1. Restricting the search to segment 67-89, which residues are closer than 16 Å to GLN3 by Cα and of a type outside the set (D, E, K, R)?
2. Anything in segment 158-168 that is surrounded by 15 or more Cβ atoms within 10 Å (Cβ to Cβ) and more than 14 Å from VAL129 (Cβ to Cβ)? List them, or say none.
3. Would you mention how many residues in segment 211-240 are in a helix (DSSP H, G or I), of a type in the set (A, V, I, L, M) and modelled with pLDDT under 90?
4. Would you tally the residues in segment 129-177 being within 19 Å of the chain's Cα centre (by Cα), outside any loop (DSSP other than H, G, I, E, B) and in contact (Cβ under 8 Å) with a residue 24 or more places away in the chain?
5. Scan segment 146-163 and give yes if some residue there is charged (D, E, K, R) and touching a Lys or Arg at 6+ places or on another chain (Cβ under 8 Å), otherwise no.
6. Exactly one of these conditions fails for GLY208: (1) assigned to a loop (DSSP other than H, G, I, E, B); (2) closer than 21 Å to LEU105 by Cα. Give me its number.
7. Take the conditions loosely packed, with under 15 Cβ neighbours inside 10 Å and either modelled with pLDDT under 95 or not hydroxyl-bearing (Ser, Thr, Tyr) (or both) and apply them to ALA76. Does it pass?
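The values are calculated or read from the model by the stated rules, or taken from the named source; none is laboratory data. Note that the structure is a prediction, hence the values are computed from the model and not measured. Note: ideal-geometry Cβ built from the backbone for every residue, glycine included; neighbour counts use all protein chains shown.
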Amino acid sequence: MKQYLGRVSENKLLWADAQQISFDAPDLARAMRPGQFALVRDPASFDPYLRRVAWLYALDGARVLFTLSARDPLVARTRVGDELDLLAPFGRAIELDPNARRIVLLGEGARVARLIALAHHASAQGREVVLAHSTRDEMFPAHLLAPEIELRADATDAELLTWADAIVASGSHDYYRALADAVRATRYRSEPGFARVLIEVAMPCGTGACYACALDTVRGIRRPCVDGPLFDLTQLEFAL
């Protein structure tokens, strides 16, 4: 993890409740990987006091694109040209099994934006990628995806779960409980390594020292900011 002062090159509504904030920062771009995040604050103000979690959305050469909630007060007042203080990268990058050729990515609401970098990365590796989006509102815009990536309404049905070699999901705890039930019903057991999920909790320090992000797992308490944010579905106490 390093500290960066990044000048904002773009700050716009991506879609729905997801705001995209971009930086021209080649060193940061080289450091970030799918599944990781940055902790961001305004160096000129203590309002908001705590750093915000900015999830990697895309890498475009020397540009790094993150997403936050469009309602966050930090992005609401940030303008192009402003400098923000970023600590990054945090979290473990998502690594896919080399033998997993068919990847299903499941996203709930605006949380689907956290899977887009992984979707493009997996597609560039020659894997078949299906992005299934569960939402009551507007679907993720298909034109923002590479043409090789198939976009579906959320379909955790037997056909899709049987087809997949690996699943990565981004959603709420209730969404993950439903996914665990669907996997067990379709595949008779939830095999370790098959379905992994991004955990969304407050991560104010990024080092695990504050334990604000403490998560109960079958292996004891884990801290998503350093041990995650990706966890195997079979390890989560609330999904068993």
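1. LEU84, LEU86, LEU87, ALA88, PRO89
2. LEU161
3. Count: 1.
4. Number satisfying all stated conditions: 16.
5. no
6. Unmet for GLY208, out of (1) assigned to a loop (DSSP other than H, G, I, E, B); (2) closer than 21 Å to LEU105 by Cα: (2).
7. So ALA76 fits the description; yes.
Residue-by-condition table, conditions (1) aromatic (Phe, Trp, Tyr); (2) in the same structural domain as GLY35 (by TED's automatic domain parsing); (3) farther than 16 Å from ASP154 by Cβ:
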| residue | (1), (2), (3) |
| --- | --- |
| TYR175 | yes, no, no |
| THR186 | no, no, no |
| MET203 | no, no, yes |
| GLY208 | no, no, yes |
| ALA212 | no, no, yes |
| VAL218 | no, no, yes |
| ARG222 | no, no, yes |
| CYS225 | no, no, yes |
| GLN235 | no, no, yes |
